[in-house]
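We did not get these values from a lab; they are worked out from the coordinates using the rules stated. Keep in mind it's a predicted model, so treat the numbers as computed, not measured. Glycine also receives a Cβ, built like all others from the backbone with ideal geometry; neighbour counts cover every protein chain displayed.
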Amino acid sequence: MTGLVLKSTGSWYEVLAEDGNRYQCRVRGKLRIRDTKTTNPVAVGDQVELDPEDTSQAIITDVLPRENYIIRQSVHKKGHAHILASNLDQAVLIVTLSYPRTSLGFIDRFLVSAESFRIPQVLIFNKVDLLNEKEKRKMEHFIEMYEKIGVKCLRTSAKSQEGIEQFRAILAHKKSLIAGHSGVGKSTLINLLSPEIEQKTGEVSDFANKGIHTTTFAEMFQLENETFIIDTPGIKELALVEIPPEELGDYFPEIRVLRGSCKFNNCLHLREPGCAVKQALEDGDINPLRFKSYLSMLDGDED
């Protein structure tokens, strides 16, 4: 019997099986041993094979091949990675320009992680009701920069309800990962989408201007028949995994389109002669903020 993983607590998994039942599942030991590169051999969004023990519990015996996934380096286990979610139609990042601030470096790492699997990306600029005029101008500049490279952007406010219906429409008939720093209002926005979802919400710490973790494990919710969202714990940092330096530029759309015009096939767009990317940067066709993120990732910076 097969099923869809709805929730992961690290040791137990809730799976919606093809018979319509929800099973609390453990992972067969051999499955854990087989996957030694990730801290979670089973991720929310996985299709799995089940061996029921009774009407409520089962053993996960295998994970079916994944179409895609969002992955990051594990913050607890060096040399290992952690899969946030798998088999996605789109990846949605909730960001705020202040209280707390989401850095462009973090945004770009998330976009690159999704682009590496050609997963469409959406940026939700939340808490727009708290922005002053200078911050609003900065937000519009960022939105213009990201929409230029094909990233869908939306402005939202849980307090004023701005953008909520557009947010709902973006999610319709898709399986979406919802991610962001703690404190950006992710759980509050999710709670507005359906009265049946009651994710805990928390305040932003005045001391550090950072959010307080309220979601402690990944969980999938069904909004409508074909609409699923996956809520994840607040992400503090996002280090890249499985992307060699020579491939990094392929996951920046504005760099990827120019790669064939560089003099050298293995151009890293640093100091090589005949680099079309560096020329585009000088001509103003590539945003210097995005190129700065590229250089940071190329250097292996984690923040």
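A few remarks follow.
- Charge dipole (the chain, unit charges on Cβ, about Cα centre) - positive-most of Ala218, Val27, Pro233: Pro233
- Most simply put, the chain has about 55% antiparallel DSSP beta bridges, counting only bridges with both residues inside it.
- Amide H contacts for Thr38 (H built 1.01 Å from N in the peptide plane; partners 5 or more residues away or on another chain; cut-off under 5 Å): Ala81.
- Only Lys, Arg (+1) and Asp, Glu (-1) charged, at Cβ; the chain dipole about Cα centre in debye: 680
- The GluC sites (Glu not before Pro) found in the stretch 216-284 that occupy coil by DSSP, while having at most 16 further C-beta atoms within 10 Å, are Glu226, Glu237, Glu242.
- Rounded, prolate or oblate (a/c below 1.5 giving rounded, otherwise prolate when a/b exceeds b/c) for the chain by Cα gyration tensor: oblate
- Highest to lowest packing among 106-116, 256-266, scored as the average C-beta count within 10 Å: 106-116, 256-266
- Listed by chain and number, the aspartates and glutamates whose C-alpha is less than 19 Å from the C-alpha of Lys148, apart from same-chain residues fewer than 8 away, are Asp108, Glu115, Glu140, Asp250, Glu254, Glu282, Asp283, Asp285.
- Between the listed residues Ala58, Cys275, Ala172, the Cα displaced farthest toward the positive end of the dipole of the chain, a dipole computed from Cβ unit charges relative to the Cα centre, is found at Cys275.
- Semi-axes of the equivalent ellipsoid of the stretch 1-137 are 35, 17, 13 Å, computed as sqrt(5λ) over the eigenvalues of the C-alpha gyration tensor in descending order.
- Contact order normalised by residue count of the stretch 151-197, Cα under 8 Å, 6+ apart, percent: 31
- Cross-link partners of Lys263 among aspartates and glutamates, defined as those whose alpha carbon lies under 12 angstrom from its own and excluding same-chain residues fewer than eight positions apart: Glu272.
- Nonlocal amide H pairs with Arg28, under 5 Å, H built at 1.01 Å: Ile60
- The chain, relative contact order in percent, only Cα pairs under 8 angstrom and at least six apart counted: 15
- Entries in Lys138/Lys278; Lys152/Lys175; Lys7/Lys159; Lys127/Lys186; Lys136/Lys186 that, when Cα-Cα distance is taken, lie over 18 Å: Lys138/Lys278; Lys7/Lys159; Lys136/Lys186
- Glu14 sits among other residues whose Cβ lies under 10 Å from its own Cβ, and their net charge, with Lys and Arg +1 and Asp and Glu -1, is +1.
- Dipole axis of the stretch 36-107 (+1 Lys, Arg; -1 Asp, Glu on Cβ), positive-most option in Leu84, Tyr99, Tyr69: Tyr99
- The stretch 226-303: relative contact order in percent, alpha carbon pairs under 8 Å with at least 6 residues between: 31
- Charges were assigned to the Cβ only: +1 to each Lys and Arg, -1 to each Asp and Glu. The resulting dipole of the stretch 1-119 about its Cα centre is roughly 760 debye.
- Summarising the amide proton neighbourhood of Leu223: residues at separation of 5 or more, or on other chains, whose placed amide H is nearer than 5 Å comprise Phe228, Ile229.
- In the chain, helices alone account for a calculated mean residue ellipticity at 222 nm of -7000 deg cm²/dmol, with every DSSP H run of four or more residues adding -39,500 (n - 2.57).
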